[in-house]
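Every number here is computed from the coordinates shown, using simple stated rules; none is lab data. Fair warning: this is a prediction, and the values are worked out from it, not measured in the lab.
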Amino acid sequence: MTPSARAPTKRDLLAEEFLRFLAIERNASPRTLKAYASALSKIRTQLQLKPWLKCRADDFRDYLFHLSKEKAARSYIRVQFSALRTFYKFLRARKKLGHDPSAEVQLPRLQKQLPVVLTRQQIEELLS
């Protein structure tokens, strides 16, 4: 692909500042940094590069609906929104934002897995 064929990318300065904060001040693991960077990038792409400071709760509900429609795992959805909520807490703490729209979005609950139960025969085999 030639340089002129590539779509222009707009740097996400707020996300970069947030990731630096996580790396330096919170000593986040490389895996966490990668997961959060990926999540924020995917969310921003889905929001069509809308500035973070202009996003509303409905934007994030639309993203949640998109993920649900794509049949994304609930655990994946929770990681995406964990990154988003941590990012918005950071923005509020740095006085860049007065209101956190991500806090208004209700996420689907994780499914509880039932414990595996042994049959009477399996228990007898284990004990013998």
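Numerical summary
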read-out: Segment Leu47-Arg26, length gained on full extension (0.36 nm per residue, minus Cα span); value: 4.8 nm
read-out: Per residue, the convex hull volume that the Cα atoms of the chain enclose (Å³); value: 210
read-out: Listed pairs Lys69/Lys96; Lys34/Lys96; Lys71/Lys95 exceeding 29 Å between Cα atoms; value: Lys69/Lys96; Lys71/Lys95
